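See below for the structure under consideration.
The values are calculated or read from the model by the stated rules, or taken from the named source; none is laboratory data. Just so you know, these numbers come straight off a predicted model, no measurement behind them. Please note: Cβ atoms are built from the backbone with ideal geometry, for glycine as well, and neighbour counts cover all protein chains shown.
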Amino acid sequence: MHPLALFKYCPKCGSPRFVENNFKSKRCEDCGFVYYFNSMSAVAVFITDEADRLLVAVRDREPAKGTFDLPGGFVDMFETGEQAAIREVLEETGIKVAKPQYLFSLPNIYPYSGFDVHTLDMFYQCRVASNVKLKADDDVAALQFTARAEIKPENFGLTSVRNAIKIWLSNNY
């Protein structure tokens, strides 16, 4: 099902005459408002320590509960990707990082509450001390540093993160 099919009423005037305008938009036949369904922004962070081990999170919630993940989440309104990366890392790990470096982005579909959220996932990297104190919080069940040679992309439950892990490993970031 196309995500716009779930939008039945105009968000501006409430009219039920909210019809398909084109593949990525709907138009209200009463007030003329056009709504474009665009990707939401999300971030994920490759955090390595001085021994070049990757910080891996275990998801505490669906989708993909119990699988590996990277710290990250949605970008809030009025927030840059870098600010979101810093905030999400702090919320999920207890680590205060500075100056995350942008690596690359991937499109993704994130299933949430029965709705496919189209996202543009931006991947960042930063380095922390090996003895940094970790605290799994928010939607993270556990955290662990894993040697690069032991990382298996198939253990990461979210498609874009799994693909990002493959890119990260093959480019030796």
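Restricting attention to the stretch 154-167, the residues that are over 16 Å from the mean Cα position of the chain (by Cα) and buried (at least 17 other Cβ atoms within 10 Å of the Cβ) add up to 0.
Being part of a helix (DSSP H, G or I) and either surrounded by fewer than 18 Cβ atoms within 10 Å (Cβ to Cβ) or at pLDDT 95 or above (or both): is that true of residue 54 here?
Against the criterion (part of a helix (DSSP H, G or I) and either surrounded by fewer than 18 Cβ atoms within 10 Å (Cβ to Cβ) or at pLDDT 95 or above (or both)), residue 54 does not qualify.
Give me the strands (runs of 3 or more DSSP E) completely within the stretch 71-173, filtered to those with at least 1 residues that are more than 22 Å from residue 53 (Cα to Cα) and not small (Gly, Ala, Ser), ordered by residue number. Talk me through it step by step, then tell me what you get.
Details: elements: 72-74, 101-112, 115-127, 140-147.
The strands (runs of 3 or more DSSP E) meeting that bar are 72-74, 101-112, 115-127.
For the stretch 97-142, the candidate set comprises residues that are at pLDDT 95 or above and small (Gly, Ala, Ser); within that set, the residue that is nearest to residue 25 (Cα to Cα) is 105. A single member of 144, 125, 83, 101 is of a type outside the set (Gly, Ala, Ser), surrounded by 12 or more Cβ atoms within 10 Å (Cβ to Cβ) and without any contact (Cβ under 8 Å) to a residue 12 or more places away in the chain, and it is 83.
Within the stretch 87-96, the set of residues being within 16 Å of residue 75 (Cβ to Cβ) and touching a strand residue (DSSP E or B) at 6+ places or on another chain (Cβ under 9 Å) comprises 87, 88, 89, 91, 92.
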